Structures are given as C-alpha cells and as structure tokens.
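Working notes, beginning with the structure itself.
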Amino acid sequence: MSYIQTFIFETTLAVSFGPIAILILNQSINCGFKNGALCGIGAASADLTYAVIAFTAGSLLLPLLESQKESIPIVSSVVLIVFSFWMIYTTLKKRSTENDQKYTLACKLPFLTTYGLTIVNPLTIVVFAGYAGLVSADGHGNSFIHALVIFIASLTIQILIALAGSKLARFFSNQRTLLYFNLAS
C-alpha cells in the first residue's frame, strides 16, 4: 500500500459523518473554531493511536477483539447514548441560563472529550485492524509513516469540519435551531 492509498483510506474514513463529526460541528458552533479544532485534533489523535496500535500489534489485537465482540458494541452504544443525552441536556440548560460556557464541559476539555469518545468506537478498531493487515501484507513502506499519514488525513478532515461549524455558527445563533440540531443528531 502506498502512502497515497493510506491518505485516501483515512480521508474516506474521516469524511463519514457520525457522532464525532457532529461533536466537532457542535463545539465549533457553541465554543468557536478553536474548540472545534481542538476536538478535531482529539479525533485525529485517537485515529493515530489506533493506527499505531494496529500497525504494531494488530495481529495480537484481533483475538482480543473477537473475544469481546459482544460487549464492545454494548459499551460503545451506552457511551454514545449518554453522549447524546448530554448534548440535549447542555442545549436545554443553555436555553435557561445566561452563561453559555458554564454548563458545557466540552468547551473546557475539547481535546480529551473527543479523544475519549473516538477511542471507544468499535468500528474504528475493526477498520484499523483490517487496514493494518493490508499494509503489513503488502510490505511496502514504514508502518509509522502510514500511521502519520492517517493522522494528517484525519486532521485535515476534522479541521475542515470545525471550520464549517464555525461558519455555520451564525445560522445556529438561535438556540431553538441549535436545540433541533442536537435533537436530530
């Protein structure tokens, strides 16, 4: 696998619009581009963590993941459900208070929040482990450089999402619109 193929792989993976992309958008809208970018860096860092682990110990991880295949989706689902209720709660709380920043934990810890949520995604584990198998089977290139390319590709997409969120902030300045966005997401 070439480094260009690795870049395309991660770009395609990062473009998929899921809960992490919504978190990045939400933070850019509520807390500004800086917080959205820090969320993006957190997501890209989690991807880098997965890539390093997958490229160095991917074959060792697959049996462990296989043995936990029933519990991983349950734990991940619970985390995502709690996260969605948290988004709704903070949006409702913001409507009832003057201090928007007071109740938004992610505005205070954007990197850690996003890194933690990204790291518990079971699909990411499986995708990176599978891709690591392709890279190692091909035998071309340094695994660390492939992991770095994954980080750069992920960071590029996450920063673009944060930028889009900061540009959409004017549209979401109405708290009712933001409430509906959070409920839908």
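Got at least one residue in region 53-62 being open to solvent by 40 Å² or more (accessible area, probe 1.4 Å), modelled with pLDDT of 80 or more and either more than 22 Å from residue 161 (Cα to Cα) or in contact with a Lys or Arg (Cβ under 6 Å, 6 or more places away or on another chain) (or both)? Checking region 53-62: at least one residue is open to solvent by 40 Å² or more (accessible area, probe 1.4 Å), modelled with pLDDT of 80 or more and either more than 22 Å from residue 161 (Cα to Cα) or in contact with a Lys or Arg (Cβ under 6 Å, 6 or more places away or on another chain) (or both).
Only one of 110, 122 is touching a Cys at 6+ places or on another chain (Cβ under 8 Å), of a type outside the set (Gly, Ala, Ser) and either within 16 Å of residue 44 (Cβ to Cβ) or modelled with pLDDT under 70 (or both). Can you tell me which?
Values: 122 fails: touching a Cys at 6+ places or on another chain (Cβ under 8 Å).
Answer to the check: 110.
Considering region 1-30, and only residues there that are under 30 Å from residue 82 (Cβ atoms) and among the polar types (S, T, N, Q), the residue that is most open to solvent (accessible area, probe 1.4 Å) turns out to be 12. A search for C-beta distances below 9 Å between a residue of region 9-26 that is closer than 21 Å to residue 77 by Cβ and any residue that is assigned to a loop (DSSP other than H, G, I, E, B) and of a type outside the set (Gly, Ala, Ser), counting only pairs 6+ apart in sequence or on different chains, returns 18/121; 19/121; 20/121. Would you be able to say whether some residue in region 32-51 is within 19 Å of residue 86 (Cα to Cα) and modelled with pLDDT under 85? No - not one qualifying residue is present in region 32-51.
Give me the residue from region 164-178 that is open to solvent by 80 Å² or more (accessible area, probe 1.4 Å) and at pLDDT 70 or above and, out of that set, farthest from the chain's Cα centre (by Cα). The extreme case among them is 176. Going by the structure shown, is residue 151 modelled with pLDDT of 70 or more, open to solvent by 70 Å² or more (accessible area, probe 1.4 Å) and in a helix (DSSP H, G or I)? No: the conditions fail for residue 151.
The values are calculated or read from the model by the stated rules, or taken from the named source; none is laboratory data. Quick caveat, the model's predicted, so the values are computed rather than measured. Cβ sites come from the backbone with ideal geometry, for glycine too, and all protein chains shown count toward neighbours. The accessibility values were calculated without ligands, DNA or RNA, using every heavy atom of the protein model including side chains. Shrake-Rupley method; radii C 1.70, N 1.55, O 1.52, S 1.80 Å.
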